[in-house]
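Undergrad: Below is a structure I'd like to ask you about.
The values are calculated or read from the model by the stated rules, or taken from the named source; none is laboratory data. Note that this is a predicted model, so its numbers are computed, not measured. Every residue, glycine among them, receives a Cβ derived from its backbone with ideal geometry; neighbour counts consider all protein chains shown. Just so you know, the surface numbers come from the protein's heavy atoms only, side chains and all, with ligands and any DNA or RNA stripped out. Shrake-Rupley method; radii C 1.70, N 1.55, O 1.52, S 1.80 Å.
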Amino acid sequence: MDLVLFGPPGAGKGTQAKFLVEKLRVPQISTGDMMRAERSAGTELGKRFDSFMTKGLLVPDDLVIELLETRLKRPDAASGAIFDGFPRTVAQAKALDGMLAKHGRAIGKVVALDVPVDVIIDRIAGRRTCESCGHVYHVRYNPPPPTGRCAACNGDRIVHRDDDREEKVRRRNAEYLEKTLPILGHYGPVVAKVDGTGSLQDVTRRIEEALGQG
Ligand code: AP5
C-alpha cells in the first residue's frame, strides 16, 4: 500500500504516520525528518536544505525528488510506504507517480487531515521532537518521558524545532496554501478528507475508517 498523509504543517501527519507504520507494516518516509537528519549531520546537502527550512520555505523540487528517489530504493519500501510531508508540489506528485509506476505501483489513498489554523498554532507551540529519530511529542497532549529520553530511540535531545516559532509557522502555512493544496486536485478520486481535530486516538480511528480498516 502506498499512502500519502497530507495536511498543513502541524496537522498531525508525523504523529499519525507512526501509528500507521505498525498497522500497515510499511515504512514512514518523511522528507522533513530526512532533511533534518542531513542538517544535524552537517552535510553539504543539509546546508542547502537549511537555507530554505529556516525561512519556512519549501526546498526546491529537484533536491527533494532526488532525496526521495534514493530513499525509495531501500528494500524496506519495496512493497509500499507512508509518505509524510511529500509530495508538497504538483511537480513532486508527478515525479512520485513516475517512480512508483516503474514498479507497477500507484498512490492508493491520500489521507487529507483537516485542522483549523488556531488548533495548529497550539499544537506546534507545544511540539517537541526527538533530534535523533524524529519522534514527535506534545507538552500537554503526548508528553515526552520524564527521564528526558526518547521513548522510541532513547536519544537525549528532545527539542523545540527552530521552524516552530509562530511567524515561521504562518510562513509555512502560506507555502502550504499556495503550493501544496493544489495537489488534492491532482489526486482527485483517491483523496479521503479526514477531520484531524480531537484526540490522537479519535484521529487514528477516523483514518482507519477512511482506509477501510476501522
Ligand atoms: P516537515 O517536517 O514535513 O514539517 P510540516 O509539514 O511543516 O509538518 P510538521 O512536521 O510541522 O507537522 P505534522 O503534520 O507532521 O504534525 P505533528 O504530527 O508533528 O517540513 C519542514 C520543512 O522541511 C518545510 O517547511 C520545508 O522547508 C522542508 N520540506 C520537507 N518536505 C519537503 C518537500 N516535500 N518539499 C519541499 N520542502 C520540504 O503534530 C504537531 C504537534 O501536534 C505535535 O506536538 C503532536 O504531538 C501534536 N498533535 C498531533 N495530533 C494531535 C491531536 N490529535 N491532538 C493533540 N495534539 C496533537
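Undergrad: Sort 14-22, 36-44, 98-106 for me by packing, meaning the mean count of neighbouring Cβ atoms within 10 Å per residue, highest on top. Could the numbers behind the result be given before it?
TA: On the way: 14-22: 19.0, 36-44: 13.7, 98-106: 11.8.
Those peptides, ordered most packed to least, come out 14-22, 36-44, 98-106.
Undergrad: Quick one: accessible area per residue over region 159-214, 1.4 Å probe, rounded to a whole number of Å²?
TA: For region 159-214, the solvent-accessible area averages 56 Å² per residue.
Undergrad: Note the full-extension length gain between L181 and V90 as 0.36 nm times their separation in residues minus their Cα-Cα distance, in nm to one decimal.
TA: Difference between extended and current length: 31.9 nm.
Undergrad: Still on this structure, please answer the following. What FRET efficiency comes out for the pair C153/S51, r = Cβ-Cβ distance, R0 = 25 Å, nearest 0.05? If you can, show how the numbers build up before the last one.
TA: Working: r = 28 Å, r/R0 = 1.11.
For R0 = 25 Å, the calculated efficiency reads 0.35.
Undergrad: If K23, K55 are ordered by their accessible area, calculated over protein heavy atoms with a 1.4 Å probe, which sequence runs from highest to lowest?
TA: K55, K23
Undergrad: Using the basic label-point model (7 angstrom from Cα toward the beta carbon), what is the E44 to E208 distance in nanometres?
TA: Computed distance between label sites E44 and E208 equals 4.7 nm.
Undergrad: Quote the accessible area belonging to R206 in square angstrom, nearest 10, computed with a 1.4 Å probe and with ligands, DNA and RNA left uncounted.
TA: Ignoring ligands and nucleic acids, R206 comes out at about 60 Å².
Undergrad: So, one more: Could you state how much accessible area Y187 has, in square angstrom rounded to the nearest 10, with a 1.4 Å probe and all protein chains kept in place?
TA: 20
Undergrad: Roll a 1.4 Å probe over the protein chains and send me the accessible area per residue for region 76-143 in Å².
TA: On a per-residue basis, region 76-143 sits at 43 Å².
Undergrad: Further question on the same structure: Rounded if a/c is under 1.5, else prolate if a/b beats b/c, else oblate: with a ≥ b ≥ c from the C-alpha gyration tensor eigenvalues square-rooted, which is the chain?
TA: Rounded, since a/c falls under 1.5.
Undergrad: Moving on to the next point. Quick check: from the Cα gyration tensor, does region 35-130 come out rounded (a/c under 1.5), prolate or oblate?
TA: Verdict is oblate for region 35-130.
Undergrad: Let me ask something else about it. Which value at 222 nm does the chain reach when only helices count, each DSSP H run of 4 or more adding -39,500 (n - 2.57), with the total divided by all residues and rounded to the nearest 500 deg cm²/dmol?
TA: Here the helix-only value at 222 nm equals -12500 deg cm²/dmol.
Undergrad: Could I ask something else about it? Over the chain, what is the relative contact order in whole percent, taking alpha-carbon pairs under 8 Å and six or more residues apart?
TA: Relative contact order of the chain: 29 percent.
Undergrad: So, one more: Provide the FRET efficiency to the nearest 0.05 for the A101-Y141 pair, computing r from the beta carbons and using R0 = 45 Å.
TA: 0.70
Undergrad: Right, here's the next one. Can you compute the charge dipole magnitude of the chain about its Cα centre, using +1 on each Lys and Arg Cβ and -1 on each Asp and Glu Cβ, nothing else charged? Give it in debye, rounded to the nearest 20.
TA: 200
Undergrad: How much of the accessible area of the chain, probe 1.4 Å, is carbon plus sulfur, in whole percent?
TA: 53
Undergrad: L113: accessible area at probe 1.4 Å, nearest 10 Å²?
TA: Accessible area of L113: about 10 Å².
Undergrad: Pull out a ≥ b ≥ c, the square roots of the eigenvalues of the alpha-carbon gyration tensor of region 162-214, then state rounded if a/c is under 1.5, prolate if not and a/b is larger than b/c, and oblate in the remaining case.
TA: oblate
Undergrad: I would also like to ask the following. Mind listing the phi-derived Karplus ³J(HN,Hα) values for region 77-83, rounded to whole Hz, using 6.51, -1.76 and 1.60 with θ = phi - 60°, and x for any glycine or proline?
TA: 9, 5, 10, x, 7, 9, 8
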